[in-house]
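Worksheet: the structure to be examined is printed underneath.
Since every read-out is calculated from the coordinates, none of them should be taken as a lab result. Keep in mind the model is a prediction, meaning the values are calculated, not measured. Positions of Cβ are backbone-derived with ideal geometry, glycine not excepted, and every protein chain shown enters the neighbour counts.
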Amino acid sequence: MNDTMVTVVGNVATNVEYRETATGGMARFRFAVPSRRWDRGSGNWTDGHTSFYTVFAWRSLAMNLAGSVSVGEPLLVHGRLKVREEEGDGRRRTYVDIDALAVGHDLTRGTSAFRRVVKAEPNVTGPPRRVAAAAAAGAGSRVPVP
C-alpha cells in the first residue's frame, strides 16, 4: 500500500465522539496543530497558521481514546493521512483526516499515567474471571488470575 503516514503534534480541539458500529467502536475528534517558528529578528518564537485535522480511531483505540482524552490536552497522533473533497451549497471543500493507528499524550508538556485495559474473555455462564477480579480489586489494578 502507498498510504501517506504522518505523525502530528498538537492539541485536542473538540470532545471525543464515540459510538458503536457494526464493526466495533469508532471515535472522532478535531485536532489542532499550530505552527511555531523562531523569528531571528525579534529573538522570539512566533505562532503561525493552525492546521485542523479530523482524527478517526477504530475498535480498542477508539474506546481508549474516549476514556482518556479531553479537550485541550497535548497529543501525538500517528496514522494514515486522508484528503477528501466534498461539494455542497455550490462550494467545493477539502477536508484532511487522519485514520489513527496510535495516539499518546505529549510528555514534553506534562505527565501521564498508563492503565492497561483488561480484555474480556468469552464466557457464557458469567462475567470473565479477569474482569470480575479486576472489578473486585478496583479499576486499574493488576490482579493475578489463576
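Structure notes:
- Modelled FRET efficiency - R0 25 Å, residue 51 with residue 112, Cβ distances, 0.05 increments: 0.55
- Cα gyration tensor, region 1-129 - rounded (a/c under 1.5), prolate or oblate: oblate
- Between residue 23 and residue 5, the simple spin-label model (points 7 angstrom out along Cα→Cβ) gives 2.0 nm.
- Among 66-75, 106-115, sorting by the average number of other beta carbon atoms lying within 10 angstrom of each residue, highest first, gives 66-75, 106-115.
- Count Lys and Arg as plus one, Asp and Glu as minus one, and take only other residues whose Cβ is under 11 Å from that of residue 3; the net charge is then +1.
- Global geometry of region 39-105, whether rounded, prolate or oblate, following the gyration tensor of its Cα atoms and the 1.5 cut on a/c: oblate
- Protection-proxy order for peptides 51-57, 85-91, each taking the mean of Cβ atoms within 10 Å per residue, highest first: 51-57, 85-91
- The loop-placed trypsin sites (Lys or Arg not before Pro) in region 14-60, going by DSSP, that have at most 10 neighbouring Cβ atoms within 10 Å of their Cβ come out as 40.
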